[in-house]
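Colleague: Have a look at the structure that comes next, please.
What follows draws every value from the coordinates through simple rules; no lab data is involved. Bear in mind the structure is a predicted one, so any value in this text is a computation, not a measurement. Here Cβ is always computed from backbone atoms with ideal geometry, including for glycine, and neighbour counts include all displayed protein chains.
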Amino acid sequence: MGVFSTGGVGIDLGSANVTICLENEGVVLREPSYVLTLRDDIDEIIAVGRDARQMLGRTPKDCTLLSPVQDGAVANVELTTAMLRRLSEKALGKRRALEKNRLVVSMSQGATRVERNALEEAVHAAGARRAALVRTSIAAAVGAGIPIEEPRGFLLVTIGGSTTEVCVMSMNGVVAARTMRTGSLALDEAIVRYIRREKKLIIGQRTAEDLKIDLGNAVLNPNLSKEKVALRGRDALSGKPSTVDITAEDIHKALLPPLENLVEDIRDAFENIPPELAEDILPNGLYLSGGGAQLEGLSDRLGELLHLNILVHENPQDDTALGACLIAANERLAQKLALSGCLIEV
Ligand SMILES: Nc1ncnc2c1ncn2[C@@H]1O[C@H](COP(=O)(O)OP(=O)(O)OP(=O)(O)O)[C@@H](O)[C@H]1O
Ligand SMILES: [Mg+2]
């Protein structure tokens, strides 16, 4: 190992979270993809990640909370750079910062050339010297332990905050892929709308996400908890603080329409897969990855509607960062992925 080869680092730069995985250590950091800046001068950064997110919905007047990564792509290079630099220093320590490591960052499947250039610029500006970009689905597949080098097709669906990627892979390459610019965040928005419409209560996005994670379920279960949870918010008519009762069944109802859309999108993408590959996929099943895969009952619902066996890795939200790190640590694998166009040295 040379002076600079201190180890592989994998970063999943998502629109909801930045996840960092280190060789021999695993996932060491996941923080929300937010930057808090001064309203009049967005170069003046006050906080990033978790510290910034805590201000969501309670941002002081002279501050603004920004998401530098949107729809899976870099929307603001300077802010993404600052976020990458600060969070990687937090994960690695200042002495071992990005310049000393081999870095692999995941890149959205649907990234346009402009989006890719923005990511490349941010990666360099954050201090990385030996870096590569890898397609998110490939990184997630490697992280989930899918044997993508084999000459048969594998189907992976990665549900992030703002994107869902349906990808068929074979022999270290992508055979067919589709990126939808909608993800688990759409479920939070559906909860906000439902509670406003049906309960006349206004709640924030953070509360909606908590409800999704704590009470959300994709399967209508007759024994579904009828237990009521007191939910605080603002009355939609008077604007005054108010409390209403919510059940898991309410949240299930709120989630149904966006979940149906998701299933339709996956079904649509699946129906466009070449028949030979579809034949491979039937016995293998569908691999589900990303933070959105953790929704209670989702794999059952997808299995039932798509008539496929659904496989979910133990920590699906870690798959992409873990895979990027495994690729960073494995030069031969990186070379094979570069040959199939799934990895770009930058
Ligand atoms: N237990 C859970 N149940 C349901 N949803 C969850 C759970 N845990 C996390 N999520 C959702 O997963 C999403 C984040 O997933 P992930 O970290 O994979 O996204 P991302 O990679 O940042 O986004 P993208 O890939 O779209 O850029 C959030 O919307 C979050 O609410
Ligand atoms: Mg992601």
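Colleague: At 7 Å along Cα-to-Cβ for each site, give me the label-to-label distance between Ser225 and Glu260 in nm.
Modeller: Taking the two extended label points, one gets 2.6 nm.
Colleague: Need the list of aspartates and glutamates near Lys61 for cross-linking: C-alpha distance under 18 angstrom, and skip anything on the same chain fewer than eight residues off.
Modeller: In chain and number order, the partners are Asp40, Asp41, Asp43, Glu44, Asp51.
Colleague: What is the distance in Å between the Cα centroid of the range 6-44 and that of the range 178-211?
Modeller: The distance from the Cα centre of the range 6-44 to that of the range 178-211 comes to 24 Å.
Colleague: Continuing with the same structure: GNM, the chain, Cα, under 10 Å: largest mean-square fluctuation among Ile202, Ile327, Ile191?
Modeller: The residue with the greatest mean-square fluctuation here is Ile202.
Colleague: If you don't mind, there's one more thing I want to ask. With the contact rule set at Cα under 8 Å and sequence spacing of 6 or more, what percent relative contact order holds for the chain?
Modeller: 20 percent
Colleague: Can you compute the helix-only [θ] at 222 nm over the chain? Use -39500 (n - 2.57) per DSSP H run of at least 4 residues, normalise by all residues, nearest 500 deg cm²/dmol. Each step should come with its number before you reach the end.
Modeller: Values: 11 runs with 130 residues, N = 346.
Using -39500 (n - 2.57) per qualifying helix, the result is -11500 deg cm²/dmol.
Colleague: Here is a further query. Under 16 Å Cα-Cα from Lys253, which lysines qualify once same-chain neighbours fewer than 8 residues away are excluded?
Modeller: Excluding near neighbours in sequence, the set is Lys199, Lys200, Lys212, Lys226, Lys228.
Colleague: Below 8 Å, C-alpha to C-alpha, sequence gap of six or more: please give me the relative contact order for the range 185-255 in percent. Each step should come with its number before you reach the end.
Modeller: Details: 102 pairs, mean separation 26.0, N = 71.
RCO, the range 185-255: 37 percent.
Colleague: Also: Which of the lysines could a cross-linker span from Lys90 if the Cα-Cα distance has to be under 23 Å and same-chain partners fewer than 8 positions apart are dropped?
Modeller: The qualifying lysines are Lys100.
Colleague: Can you tell me what share of the DSSP beta bridges in the chain is antiparallel? A percent to the nearest 5 is fine.
Modeller: Given both bridge residues lie in the chain, the antiparallel proportion sits at roughly 70 percent.
Colleague: Something else now. Lone cysteines in the chain, going by a 4.7 Å Cβ-Cβ cut-off?
Modeller: Within the chain, the cysteines lacking a partner Cβ under 4.7 Å are Cys63, Cys167, Cys342.
Colleague: Sticking with this one: What is the dipole size for the chain, taken about its Cα centre, with +1 at each Lys and Arg Cβ and -1 at each Asp and Glu Cβ, in debye to the nearest 20?
Modeller: Working: 39 positive and 47 negative charges, 207 e Å.
So the dipole magnitude of the chain works out to roughly 1000 debye.
Colleague: Would you mind giving the three semi-axes, in whole Å and largest first, of the ellipsoid equivalent to the chain according to its Cα gyration tensor?
Modeller: Over the Cα atoms of the chain, the ellipsoid semi-axes are 33, 28, 15 Å.
Colleague: Compute the signed sum of charges (Lys and Arg +1, Asp and Glu -1) over the other residues within less than 15 Å, Cβ to Cβ, of Ala16. Please report the intermediate quantities before stating the final value.
Modeller: Values: positive: Arg30, Arg50, Arg53, Arg181, Arg206, Lys212; negative: Asp12, Glu31, Asp71, Glu165, Asp188, Glu189, Glu209, Asp210, Asp318, Asp319.
Net of charged neighbours comes to -4.
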